[in-house]
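The values are calculated or read from the model by the stated rules, or taken from the named source; none is laboratory data. Note that the coordinates shown come from a computational prediction; the quantities given were computed from them, not determined experimentally. A quick note on method: Cβ atoms are made from the backbone with ideal geometry, for glycine too, and the neighbour counts reach across all protein chains shown. These area figures cover heavy atoms from the full protein model, side chains too; ligands, DNA and RNA do not enter into them. Shrake-Rupley method; radii C 1.70, N 1.55, O 1.52, S 1.80 Å.
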Amino acid sequence: MNHDDLTLDDFLSRFQLLRPQVSPTTLNSRQAAVLIPVVRREQPGLLLTQRSARLRKHAGQVAFPGGAVDATDASLIAAALREAEEEVAIPPEKVEVIGVLPPVDSVTGFQVTPVVGIIPPDLPYHASEDEVAAVFEMPLAEALRLGRYHPLDIHRRGNDHRVWLSWYQHYFVWGMTAGIIRELALQIGFKP
């Protein structure tokens with residue numbers, strides 16, 4: 001399949017057919033969740049945020065809406081939806097959750113579960129000034145193009161770790177966010 005021809009129907013059928021095998025191989029115990037918001041269009045988009053430069057952790061980084069699970073969250077999915085509403089005003093009832101990807105460990109000690117959801121194309125985003133500097137949309141076909149991600153192998157705390165790097169317009173997409181996007185691309189059957 002040509003990446004440029006990726007329609008929402010193609011994405012949905014590939015995602016549903018190639019359901020991820022969620023078997024946690026993470027080391028971290030604190031739970032967090034992020035929403036991977038896919039914008040419902042014929043040529044779908046991927047909604048991303050740039051975190052505020054004032055934040056203590058991951059300041060200025062491109063990210064998915066998300067954060068730590070708190071005591072009021074009924075599930076990991078509920079946590080991802082709550083955080084997306086707090087950060088960019090996506091109403092939970094407007095998200096059609098289609099599944100989750102295997103959890104990944106963050107460098108800050110969380111086991112992060114990516115929740116994939118479809119959102120309407122006409123939502124008015126309102127970035128939380130405390131947390132989000134910008135909200136932008138990247139064409140999903142472009143985001144899932146594996147060739148755009150470049151590996152960087154680093155040695156941290158006695159462990160070798162691969163980090164993925166990419167640019168989109170003036171946004172630097174790297175780390176866990178780039179890794180999750182790559183995992184989604186691999187999940188739906190795109191070849192490296």
| query | If you compute Cα Rg over 2.2 N^0.38 Å for the structure shown, which of [x] 0.96; [y] 1.32; [z] 1.24 do you land on? | reply | [x]
| Estimated 222 nm signal from helices in the chain, with DSSP H stretches of n ≥ 4 weighted -39500 (n - 2.57), rounded to 500 | -6000 deg cm²/dmol
| message | If I take every Cα pair under 8 Å that is 6 or more residues apart in segment 73-175, average their sequence separation and divide by the length, what percent do I get for the relative contact order? | response | 17
| note | Among Ser29, Ala141, Ile154, the residue whose Cα sits farthest towards the positive end of the charge dipole of the chain (+1 at Cβ of Lys and Arg, -1 at Cβ of Asp and Glu, taken about the Cα centre) is Ile154
| note | Long-range amide H partners of Val116, meaning residues 5 or more apart or on another chain whose placed amide H is closer than 5 Å, are Ile36, Ile98, Gly99, Val100, Leu101
| query | Ala78 to Phe136: extension gain in nm, 0.36 nm per residue of separation minus the Cα-Cα distance? | reply | 18.6 nm
| Got a number for carbon plus sulfur as a percent of the chain's accessible area, 1.4 Å probe? | 52
| note | Expressed in square angstrom to the nearest 10, the accessible area of Ser75 with a 1.4 Å probe stands at 50
| Scattering from the C-alpha atoms of segment 132-192 alone, worked out with Debye: what is log10 I(q)/I(0) at q = 0.28, 0.29 1/Å? | -1.23, -1.28
| remark: Mean accessible area per residue over the chain (1.4 angstrom probe, all protein chains present, square angstrom) is 50
| note | To the nearest 0.05, the calculated FRET efficiency linking Gln169 and Ser29 through their beta-carbon distance, R0 being 22 Å, is 0.05
| query | In whole Hz, what ³J(HN,Hα) sequence does segment 96-108 give by Karplus (6.51, -1.76, 1.60; θ = phi - 60°), x for Gly and Pro? | reply | 9, 6, 10, x, 10, 9, x, x, 10, 7, 9, 5, 8
